[in-house]
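The values are calculated or read from the model by the stated rules, or taken from the named source; none is laboratory data. Since this is a predicted model, take the numbers as computed values, not measurements. With ideal geometry, Cβ positions are generated from the backbone for all residues, glycine too; neighbour counts draw on all protein chains shown. For the accessible areas, the whole protein counts, side chains as well, though only heavy atoms, and no ligand, DNA or RNA atoms are used. Shrake-Rupley method; radii C 1.70, N 1.55, O 1.52, S 1.80 Å.
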Amino acid sequence: MAVDAVIIGLGYVGLPLAQEATRAGMRVLGFDIHQGVVDDLNAGRSHVDDLADADIAQMREGGFEATTDEARIAEASTAVICVPTPLSPDGGPDLRAVESAVAAVARNLRPGMLVVLESTTYPGTTDEVVRPALEAGGLVAGQDFHLAFSPERIDPGNTSFGAKNTPKVVGGHTPACSDAAAAFYGTFVDTVVRTKGTREAETAKLLENTYRHINIALVNEMTRFCHQLGIDLWDVIDAASSKPFGFQAFYPGPGVGGHCIPIDPNYLSHNVRARLGYPFRFVELAQEINAGMPAYVVSRAQDILNTEGKALNGSSVLLLGVTYKPNIADQRESPAVPLARQLAAKGARVLFHDPHVQDWHAVPEAERVQDAADAAGRADLTILVQNHRGYDVDALADASRTFFDTRGAATGGEKVVRL
């Protein structure tokens, strides 16, 4: 039986995409190299935050199946690559997963197939890395098969915007390739936005995340001098937000996490340096500022304890929330990791609580506590690192000895110190 689409990479991007395509009546095949992931999905078990087991069961009823059999890629009329692109040691994108996925598609490429790359990368990847690998077998992009780039815009934990109602950017190798990609996504996505080509689509994704990266760095830097000047930056942001035009609120925090914000802008910066020979200064400065926030939080923690006549060395510090964003279990690039490690390096006894994390393998020296309020009452300092929906922040602040709020979530009180 023919397959409408094969989704290669069944993580937080590929699985929601497969869900929407299945809902639209497409016969969808999921391909992943991890047998455990495939077995769980075929048994109706989800491994990502945004999809419950019931969602997977519904997908299975709609004809979705997962496989590790590469040869089955040839059954699909469309292949969508949704594999991770972490940073390489030199600061550029690590394309090994992309190259492996493209090679698998190339071995099963058929005339008329549409191939779409969704993995975030630097401008030119689709044309310079993906296209030559696919054309090595003799088929030509734009003539024998369609090739496009469509950046993923999945926001884990976002209950308002998902794969269906988030506009989908597509850029094809040729106008006909764009048409094919737009027709595919238009089947199950409300709005499709076309760019001139693959490079524009690739760069659009990087611009989106660079914009956020830089503006978060702006308020993170402001929080330092506002603290020294006795200015409440949170109140400043609230006041500035009253302007109905020309301003969008960004908020300081203990650092940035996730795959996108701390990672993606570096693809663009690395590409500019490698190709043009000069730095993308805004991005590099933003990276420096945001990466320095865990150390700044540690410094503030030391100052807070000093005012109480305590040293950080030997004190117990409770971290509330260790995931990279609220209300999900995803820990990728979480600033809680360097924060905990730096606290431990200075002699603090690090405790943590997170309703979404049972075992924090990234920081084995940290001790998990079962009751956040009880632990806050015992710890010398409690730091709100991530404001999960399940936390009653004011109650936790009231229960604590001293409460360091890095998220601006507490309404106030004599025990609360804001970032």
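Things to note:
- The charge dipole of the stretch 122-205, taken about its Cα centre with unit charges on the Cβ of Lys, Arg, Asp and Glu (plus for the first two, minus for the last two), comes to roughly 220 debye.
- Within the chain, the longest run free of exposed loop sites, counting GluC sites (Glu not before Pro) that sit outside DSSP helix and strand states (H, G, I, E, B) and have at most 16 other Cβ atoms within 10 Å, spans 1-307.
- Here r is the Cβ-Cβ distance between Asp235 and Ala71 and R0 is 60 Å; the resulting FRET efficiency, rounded to 0.05, is 0.50.
- ³J(HN,Hα) computed for each position of the stretch 409-419 - Karplus, 6.51 cos²θ - 1.76 cosθ + 1.60, integer Hz, glycine/proline x: 9, 7, 7, x, x, 5, 8, 8, 10, 8, 4
- Compared with the dominant principal axis of the Cα atoms in the chain, helix 281-291 is inclined by about 50°.
- Correct option for semi-axes √(5λ) of the Cα gyration tensor in Å [calculated from the coordinates] among [x] 46, 25, 19; [y] 43, 24, 19; [z] 40, 38, 16: [y]
- Once the chain from Ala103 to Ala249 is taken as fully extended at 0.36 nm per residue, the excess over their C-alpha distance is 48.3 nm.
- Stretching the chain fully between Arg378 and Ala311 yields a gain of 22.5 nm (0.36 nm per residue, less the alpha carbon separation).
- Angle of helix 175-186 to the longest C-alpha principal axis of the chain, folded into 0 to 90 degrees and rounded to 10: 60°.
- Taking the Cα centre of the chain as reference, the dipole from Cβ charges on Lys and Arg (+1) and Asp and Glu (-1) amounts to some 780 debye.
- Charge-dipole axis of the chain as Lys and Arg at +1 and Asp and Glu at -1 on Cβ define it, positive-most pick from Ser242, Gly253, Cys226: Cys226
- The stretch 241-265 and the stretch 1-36 have Cα centres separated by 31 Å.
- With every protein chain in place, the stretch 72-188: carbon and sulfur % of accessible area (1.4 Å): 55
- DSSP loop chymotrypsin sites (Phe, Trp or Tyr not before Pro) with at most 14 other Cβ within 10 Å excluded, longest remaining stretch of the chain: 248-419
- Separation of the stretch 76-131 and the stretch 391-412, taken as the distance between their Cα centroids, equals 45 angstrom.
- Based on DSSP H segments of at least four residues, each scored -39500 (n - 2.57), the chain has a per-residue ellipticity at 222 nm of -11500 deg cm²/dmol.
- Extension gain, Ala329 back to Ala274 (0.36 nm per residue minus Cα-Cα distance, nm): 16.3 nm
- For Lys205, the lysines whose Cα falls under 29 Å of its own Cα, not counting residues fewer than eight places away in the same chain, are Lys164, Lys168, Lys196, Lys243, Lys325.
- Crossing angle, helix 198-229 versus the chain [Cα axis fit, 0-90 degrees, rounded to tens]: 0
- Whole-number accessible area per residue in Å² for the stretch 1-87, which is evaluated in the context of all protein chains at 1.4 Å: 39
- Simple spin-label estimate for Ala136 and Ala291 gives 3.3 nm between the two label positions (7 Å along the Cα-to-Cβ direction from each Cα).
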